[in-house]
Each structure stands twice: as C-alpha cells, then as structure tokens.
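**Q** To start, I am sharing the structure in question, which I have written as structure tokens.
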Amino acid sequence: MCGIVGAIANANVVPILIEGLQRLEYRGYDSAGLVIADYGLKRLRTTGRVSELGKLVEHQEVRGLAGIAHTRWATHGAPSERNAHPHFSEESRIAVVHNGIIENHENIRAYLEKQGCRFLSDTDSEVIAHLIAIKLREVTDLFKAVCLSVAELQGSYAIAVMEETNPDCIIVARHGAPLILGVGKDGHYVASDVSALLQVTRDIIFLEDGDIAELSSHGFRIVNCLNSQFGEPVSRSVHQTHLSNEDIGLGTYTHYMQKEIFEQPTAVANTLEMLSGARCITPGLFGREDEKVFSNINRVLILACGTSYHAGLVARYWLETVAGLPCSVEIASEYRYREPIADPATLVIGISQSGETADTLAALAYAKKMGHRHSLAICNVAESALVRQAELSFLTRAGPEIGVASTKAFTTQLVSLLLLSVTLAKIRNRLTQEDEQRMIGALCHIPSALQHTLQVEPQVKVWAKRFAHKHHALFLGRGVHYPIAMEGALKLKEISYIHAEAYAAGELKHGPLALVDKDMPVVAVAPNDQLLGKLKSNLQEVQARGGELYVFADADSQISSSENLHVIRLPEHAGLLSPILHVIPLQLLAYHVALVKGTDVDKPRNLAKAVTVE
C-alpha cells in the first residue's frame, strides 16, 4: 500500500526521493509528500501524482542532503493535503512518514492532547510525530525517543523519522510492515520496496520486527527492541538483489498489466525450472524438511486473500483429487476472527504474492497459535515476512508484478499448487511412475500452451468493445473452473469498474437467474471436461431468458456461435491444468474493456498492490 523512501548522502537526495516514489506508484496511493533537511525541515505535499510533487520541487528549487518521502493510501482521514505525509509535531521539530495502522491511536491522541499537542490531520500517523516530540523531553537523543515511542504503539508500522535540529541522521523502525535499508558508497537509504532503491544500490538489508536503525551518510546501526527498552545491537545480513531496472520497466508495452499478462509463459517456465529434463519429483522442492512434514499430514488448510484466495480454491480440487487430502480454503481476514478446531496434522498454506499481506500473516500466526504445527508459504518474494514465518516455502519466481490487478502471480501460484498436489500424491503413494512422468510432462508443456492461448487476444478485443458500455456482468463456471470465473469477475471489477459477480453455474436457478436480461452479459468458462454437459444446460437457461452469452470454450467443446451466443475457442484442452489456461482470456477481457473505457489500468481507484494493513 503506502510507500516510503528515505535517503541521506553526500549529494542532493531530492531526485532519489522523487524517482523512488515514482517506482512505488504501482502500490496505489492518493497523495504524496516529502521532507528535506534544508536549514530546518522543508515539507512539500500534494494530492496529485508524484509528478505533481516533482513539479513543486523544481518550482521551489528544493535541495538537501537528507530527506524522507511518502505516498499515502488513505485509511484514517480522507485523501487531502492536510492528511498527506510527512506529518510534523508541534513547531515542525519532528517529521514522520508511516506505513501501517496504529490501532491505539485514539488513546495516544487523547493523552497527547492533554499534554498540549495540537493535531492538524485526521490520521493515526500524526500521533507518532507528537509522541516522539514528547519523549524527547525525557531523553535528549532522537534514537532513544523513537525506541520509547514505538514501545507504546499497537498495530503495524514502518516509519522514518527526522529531527529539525539533527539533520544528519534518519531513524527508521518496523513492526508488521515491510522496510528495507539500502547500503551505498556515498550514502544510505530506506524504502518499503526494493524497486525504489535500484537507482542507487543493489545491497539490501531486510529489517525484522522490532528493528530500529539509525542512518547517516557514512554508516548505520541497528538494534532490536522486542526484549529491551533501548534495544540490543543486532547484525542483519546484506543481500544483493537480483532485480534490475529492466525487470520493473515497461519495455515495449503500454501498461504493466499488459506486460505481465504476456510474461506469463516465461514466469511459469521459471517457476517450474527444476522440472526441466526431470523424470521424477525429488524431495526438497518445498524445503529441506518437506518429505518428513508431508509424510505426517492428513489434511490441508489454505489461508489467502483476493486473487491468492482464488488460487487456493482451485488448489482444493487438485489436492483432493490428485493427493487425496481433505482441503479447506479460508479468507485470511475471516479465519483469524473465529475459533477453528486445530489439528496438528494439518498443513497450513499461506499464499501471498508479496509475502507481506497483513491478514495472511496474521491468519498464519493465529493458526500456529491455535495448535497447527506445519506451515508452507507460497510466495513471490524470497525475503518476505511470510517466507520467514513459515516452516516450508516455495517461491513462484514470477518476477516483479507492478500492475495492481494480479495476473502472472496468479498463474505461477496455480502451477506451484499443482506441483504441490503431485508431490503430496507421490509421497502418499497415489501416483504410478507413468502418472508422475505424465504430470511432469504436462507441467513442462504449460508455458508453450500459455503462449498459444495468448493468441486469442484479437477476438477478445472485439468482445471488449461490446462490454465497455455495460454496467453489470455475470461470470459462470463449474467445478475447478468456478474459481476461475471468480477471478475473471474480480479482474473486470478491479480495472474497468463494471460490477461483476461469479457463480457456480448450477446455482443459476437458485437466484441469480433473476438478474439475466439483454443488458446483463454472461461470461462462461466452458472446457471440455466431465461437467461440460451440465454447463451447456445452464447456458440454455440463460438463452431462454434472453441473456447474451460470451463463452470461452476448448477447441472440442462442441459449442457453436449463434444469435446472442458468442464463442472463443482456446487452442487446446489441458485437462487437469485447464484452469491455468482459461484464466488468460479473462485477464485479456478485463484489460481491453478497461482500455476502451479509459480507466487507469495499472492503478485502479481505491486499490493498492500490497495490502499491508488490516
């Protein structure tokens, strides 16, 4: 969600801050701002794009050797300049940028107001600046004041702090929200995402919960305050990121979502690289102890949100059909607020593109607290909190996904979950050697099949023009393709703002059929599987009510176009792997509808890429 960039160096850091914020725009935001140490603390804020902030910087010729910057996605308080970060304490002595949510901000605010503090925003974040200023009355050191202040905060935070009278340092802290340090030759940096720092360094330190760091142009120090008031010194490893500017650039594409849709064959191939030339599945794909853990489980629980939740719903069919394991799939934000029955022999799987999704992290921690012993992370970021929290892990290798509407993260999650299902089936002696080799061959063929499936784009463009003026749409699927219909509806909602709902097609007559008329397009996922006959009957129900059907079928599905029935045929049927192919035209449909409507494809309104707050 919100983005943080900070820099302290031997040269002007303002261009670094502006470029860093631009690289974080994909996360979603509604305002931006920065503070520069320039004979005091000089602050600029805007409710426009980062480019508008850049114009303000140029107009006022702002320069400085240290600064912090922020893009805000509104939680507490409406999007406005007064609510934009950085926030100041009284007399502009302390400046703070903050990602996360301070859950006890109302109590802290009441206390601070009694101390004479005057608040100028509606945010929870402003209490941090005032609290640090109050603590500076007790200690004369900013670092110690931050230590004392964060000890009183409940919730999640990643913060960067500057003090007017001490412009030669930046203090940062994290708990529950991602924050990284960048180590450079001529300065040191902080950001909420690696991509913001590629312009200055590839040497990265991932801070952990409870870490507080002091940055200067010539060095840094880190302490951890989980068990000590002013922290115990800790050493964190320096990692060299493999990301490049090309990875996060648009290249020849118009939008990141378009680029990422067409990157899916490569992303899936990279994710399954270990199968290239393999004749069998070997232990260790999901961690050193995976065979031991997998041999001692009798069911699976999947925790996820949004698109990752849909991937989990598809996986439920595979885990039950292929591996013979009972599987339940829970929305992470709901699971953590009830009292489920724990089974120590359950494998709990957390799925997240970023690995920093707050609800998924909290749900996994809750599952472990309730007594679940075994956990697995399916994630796209090796150093993420989810990977560190789980016993086992599998990296999807999708590469950076910038567009808010997830595409390649979803398909790489699907192939990872199918590989898991096959691995579990082998351990449980449910696969013959021939079946194992056949599944490996099918998985290795998927990148090629995805490439062929992308060729339906010209036909999808024609459909998009018909959809663009609609206000509602209904998506239908059966069996393992019902979650794919759900994902298609979500994509259309996210970037075109057309209201869309997905239903298991057999549920039509139990209510949704009342919505069907000539103005409600109905999209159906129709592979040639054992449920095709049932689905055809459901489609006839729509036709009988005057509905207009748009059907994504296989080449051999024997569904013919007619009046009010439009068919696009995928090049091949992939059997068990069919959901991975059938989501592609649904992604393309959402993308091209959004293009026709002129909406912001990569940064849809009200949404953020990484949901790191509850």
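**Q** Go through (1) buried (at least 18 other Cβ atoms within 10 Å of the Cβ); (2) more than 17 Å from Ala129 (Cα to Cα) one by one and return the number of the condition Glu61 breaks.
**A** For Glu61, the failing item is (1).
**Q** All but one of (1) touching a strand residue (DSSP E or B) at 6+ places or on another chain (Cβ under 8 Å); (2) buried (at least 18 other Cβ atoms within 10 Å of the Cβ); (3) part of a loop (DSSP other than H, G, I, E, B) hold for Ala95; which doesn't?
**A** Every condition holds for Ala95 apart from (3).
**Q** Output the number of residues of the range 213-233 satisfying the condition of being assigned to a loop (DSSP other than H, G, I, E, B), surrounded by 17 or more Cβ atoms within 10 Å (Cβ to Cβ) and at negative phi.
**A** 2
**Q** Applying the selection to the range 23-50, what residues are farther than 16 Å from Ala74 by Cα and modelled with pLDDT of 90 or more?
**A** Result: Leu34, Val35, Ile36, Ala37, Leu41, Lys42, Arg43, Leu44.
**Q** Select from the range 77-119 the residues that are hydrophobic (A, V, I, L, M, F, W, C) and over 23 Å from Tyr39 (Cα atoms) and write down the one among them that is nearest to the chain's Cα centre (by Cα).
**A** Looking at the filtered set, the residue picked out is Ile101.
**Q** A further question on this structure: With a cut-off of at least 2 residues that are within 29 Å of Ser295 (Cα to Cα) and out of contact with any Leu (no Cβ under 9 Å at 6 or more places or on another chain), name the helices (runs of 4 or more DSSP H) lying wholly within the range 420-511.
**A** 433-453
**Q** Tell me which residues, restricted to the range 238-282, are among the polar types (S, T, N, Q) and either within 26 Å of Pro579 (Cβ to Cβ) or at pLDDT below 90 (or both).
**A** Once the filter is applied, which keeps residues that are among the polar types (S, T, N, Q) and either within 26 Å of Pro579 (Cβ to Cβ) or at pLDDT below 90 (or both), the range 238-282 yields Gln240, Thr241, Ser244, Asn245, Thr252, Gln258, Gln264, Thr266, Asn270, Thr271, Ser276, Thr282.
**Q** Run Asn12 past the list (1) crowded, with 18+ Cβ neighbours inside 10 Å; (2) over 25 Å from Glu401 (Cα atoms); (3) polar (S, T, N, Q) and report the number of the one that doesn't hold.
**A** (1)
**Q** Go through (1) hydrophobic (A, V, I, L, M, F, W, C); (2) over 24 Å from Ile170 (Cα atoms); (3) modelled with pLDDT of 95 or more for Ile128 and report which single condition fails.
**A** Only one criterion in (1) hydrophobic (A, V, I, L, M, F, W, C); (2) over 24 Å from Ile170 (Cα atoms); (3) modelled with pLDDT of 95 or more is unmet by Ile128, namely (2).
**Q** Next question, about the same structure. For the range 131-161, which positions are of a type in the set (Val, Ile, Thr), modelled with pLDDT under 95 and not in a helix (DSSP H, G or I)?
**A** Result: Val139, Thr140.
**Q** How many of the residues making up the range 98-130 are outside any strand (DSSP E or B) and among the β-branched types (Val, Ile, Thr)?
**A** Final tally of qualifying residues: 4.
**Q** Now a separate question. Which one of Leu424, Leu454 is at pLDDT 95 or above and surrounded by fewer than 24 Cβ atoms within 10 Å (Cβ to Cβ)?
**A** Result of the check over Leu424, Leu454: Leu454.
**Q** Just name the residue that is surrounded by the fewest Cβ atoms within 10 Å (Cβ to Cβ) out of those in the range 176-191 that are within 27 Å of the chain's Cα centre (by Cα) and at pLDDT below 90.
**A** Residue satisfying both the conditions and the ranking: Gly176.
**Q** Condition first: part of a helix (DSSP H, G or I) and either without any contact (Cβ under 8 Å) to a residue 40 or more places away in the chain or surrounded by fewer than 16 Cβ atoms within 10 Å (Cβ to Cβ) (or both). Now tell me which residues in the range 544-576 satisfy that.
**A** Within the range 544-576, Ala544, Gly575 meet the criteria.
**Q** Would you pick out the residues in the range 360-373 that are buried (at least 23 other Cβ atoms within 10 Å of the Cβ) and not small (Gly, Ala, Ser)?
**A** Thr360, Leu361, Leu364
**Q** Sort through Ala74, Ala129, Ala84 and tell me the only one that's surrounded by 21 or more Cβ atoms within 10 Å (Cβ to Cβ), more than 20 Å from Ile212 (Cβ to Cβ) and among the small types (Gly, Ala, Ser).
**A** Ala84
**Q** Yes or no: the range 357-365 includes at least one residue that is out of contact with any strand residue (DSSP E or B) (no Cβ under 7 Å at 6 or more places or on another chain) and either acidic (Asp, Glu) or at pLDDT below 90 (or both).
**A** Yes - at least one qualifying residue is present in the range 357-365.
**Q** Residues in the range 588-600: is at least one farther than 18 Å from Lys470 by Cβ and crowded, with 18+ Cβ neighbours inside 10 Å?
**A** No - not one qualifying residue is present in the range 588-600.
**Q** In the range 581-609, what count of residues is obtained for those that are more than 30 Å from Ala442 (Cβ to Cβ) and touching a Ser or Thr at 6+ places or on another chain (Cβ under 7 Å)?
**A** Final tally of qualifying residues: 4.
**Q** Now a separate question. Go through the range 19-28 and count every residue that is at negative phi and surrounded by 22 or more Cβ atoms within 10 Å (Cβ to Cβ).
**A** 6
**Q** Would you mind finding the one in Ser149, Ser156 that is closer than 23 Å to Pro79 by Cα, buried (at least 18 other Cβ atoms within 10 Å of the Cβ) and among the polar types (S, T, N, Q)?
**A** Ser156
**Q** Restricting attention to the range 182-212, which residues are assigned to a loop (DSSP other than H, G, I, E, B), of a type in the set (A, V, I, L, M) and under 18 Å from Ala145 (Cα atoms)?
**A** none
**Q** Please find, within the range 235-292, the residue that is farthest from the chain's Cα centre (by Cα) out of those that are farther than 30 Å from Ile222 by Cβ, aliphatic (A, V, I, L, M) and part of a loop (DSSP other than H, G, I, E, B).
**A** This residue is Ala278.
**Q** Provide a single number: the residues in the range 514-543 that are surrounded by fewer than 18 Cβ atoms within 10 Å (Cβ to Cβ), closer than 24 Å to Ala468 by Cα and out of contact with any Leu (no Cβ under 7 Å at 6 or more places or on another chain).
**A** Adding up the residues that qualify gives 4.
Condition check ((1) among the polar types (S, T, N, Q); (2) assigned to a strand (DSSP E or B); (3) touching a Ser or Thr at 6+ places or on another chain (Cβ under 8 Å)) across all residues:
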residue: Ile18; (1), (2), (3): no, no, no
residue: Ala32; (1), (2), (3): no, yes, yes
residue: Arg45; (1), (2), (3): no, yes, yes
residue: Leu53; (1), (2), (3): no, no, yes
residue: Glu58; (1), (2), (3): no, no, no
residue: Arg63; (1), (2), (3): no, no, no
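**Q** Okay, moving on. Only one of these conditions is not met by Ile302: (1) part of a strand (DSSP E or B); (2) over 25 Å from Gln240 (Cα atoms); (3) out of contact with any Cys (no Cβ under 9 Å at 6 or more places or on another chain). Which number is it?
**A** Unmet for Ile302, out of (1) part of a strand (DSSP E or B); (2) over 25 Å from Gln240 (Cα atoms); (3) out of contact with any Cys (no Cβ under 9 Å at 6 or more places or on another chain): (3).
The values are calculated or read from the model by the stated rules, or taken from the named source; none is laboratory data. Nothing here was measured: the structure is a model prediction, and the numbers come from that model. With ideal geometry, Cβ positions are generated from the backbone for all residues, glycine too; neighbour counts draw on all protein chains shown.
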